Amino acid sequence: MNIMDFNVKKLAADAGTFLSRAVQFTEEKLGQAEKTELDAHLENLLCKAECTKQWTEKVMKQTEVLLQPNPNARMEEFVYEKLDRKAPSRMNNPEILGQHMIDAGNEFGPGTAYGNALIKCGETQRRIGAADRELIQTSAINFLTPLRNFIEGDYKTITRERKLLQNKRLDLDAAKTRLKKAKLAEARAAQLNLSPPEENNIMVNVSYMLNLVHVKWLQSEQEVRIAQSEFDRQAEITRLLLEGISSTHAHHLRCLNDFVEAQMTYYAQCYQYMLDLQKQLGSFPSTFLANNHQSSSSCAPSSSVTTTAASSASVTASLSSISNAAATSSLGDVKSASGNRKARVLYDYDAANSSELSLLADEVITVYSMPGMDSDWLMGERGNQKGKVPITYLELLN
């Protein structure tokens, strides 16, 4: 029974406090009550915290979109994270593309130029996929997790204490309003007490009212002092929490540096992978042309398809044999004629060994044929430098 009485009294007190706050808040909005303003420093800290929260959320969400463009995959990862379970491992887009390229290369034949190129490209795509997976994991640990911890941890604490400060302010202003009303009532009662009484019983009633109002005024003063003390204490707690935003910015700066370093590592790996692939594909033109000559006698359309596919597979030393058919034919004339001719280099070429000559795009060199040389190569000269050059990299000049 005592516990029930205590709960009822507490419930009634809480309801009274809530009603008092609601009345005070409504009167403030209507301009019928005064409002205690926070000091400028605390207001600036509150604005800084709110701004930090908003932009942290935007940066965090857009980073998640950057790392995982698929919204369904992001939703799946979110659900597994909330369930505290590990999401199943799946191949990412570069890995899927790489696997398809490898399967296609094996189907066309690893011994063919196109099949071999597809396999090499597929292996590179799979390495890029692994680097992408590592970027996502590193960024999630070093960048996204600290941002999320701030939103779901530190800022929630700030919001809770800020709400409590708002309630303490409403309690303080409500107490001030009650004190103001008590003073007005006491002043009116004092005026009645000074007026000449008509009957003794009226005088007694006025005296009693005056004493009652005075007691009420003393109680209101006590409530204001208590409310002011609690408000000041809560304002100090909130201020200390808000001043930690500067430390949060410093921590997020370190996390941002980690994210940039992870991106730099990722793009450097991708660049190195593609550079290695470019060098591997650089030796394909001669092999491709030999395959093209062999297949042209049996199936011309198939040769055209192979030419187009090989052109797409090359990075910078693309073959473009269809558009350069005339140039290839002219170079073929050099094989049967004697003497030197000038030729313009179409693409950069790195010599595979000392017998070959490295080329730079758009430079002009001297070319000629030698007996017993492979049909896909010519001898090239640039000043005192001499070596074999692939004919598919050259355009004969008249």
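Rule-based calculations on the coordinates, nothing more; no lab input. Note that this is a predicted model, so its numbers are computed, not measured. Here the Cβ positions follow ideal geometry from the backbone for every residue, glycine too, while neighbour counts run over all protein chains shown.
Brief remarks on what is shown
- Cα shape, region 341-397, gyration tensor, a/c 1.5 rule: rounded
- Taking each residue as 0.36 nm, the span from residue 28 to residue 246 lengthens on full extension beyond its C-alpha to C-alpha distance by 75.2 nm.
- In a fully extended conformation the segment linking residue 183 and residue 84 would gain 29.7 nm over its present Cα-Cα distance, using 0.36 nm per residue.
- Length gained on full extension, residue 36 to residue 91, computed as 0.36 nm times the residue gap minus the Cα-Cα distance: 13.9 nm.
- Region 341-397, dipole about Cα centre (Lys/Arg Cβ +1, Asp/Glu Cβ -1), debye to the nearest 20: 260
- The H on the amide N of residue 387, modeled in the peptide plane, is under 5 Å from the matching H of 380, each at least 5 residues off or on a different chain.
- For the pair residue 265 and residue 366, a Förster radius of 35 Å applied to the C-beta separation gives a FRET efficiency near 0.20, rounded to the nearest 0.05.
- Listed by chain and number, the aspartates and glutamates whose alpha-carbon sits under 20 Å from that of residue 53, ignoring those within fewer than 8 places in the same chain, are 43, 64, 152, 154, 161, 243.
- Only beta bridges with both residues in region 341-397 are counted; by DSSP, about 95 percent of them are antiparallel.
- Label-point separation in nm, residue 253 to residue 50, each point 7 Å along Cα→Cβ: 2.5
- Semi-axis lengths, Å, region 230-283, gyration tensor of Cα atoms, sqrt of 5 times eigenvalues: 52, 6, 4
- Near-label residues of region 119-148 by backbone N, under 12 Å of a point 7 Å along Cα→Cβ of residue 99: 126
- Positive dipole terminus of region 91-169, leading residue within 135, 93, 125 (C-beta point charges): 135
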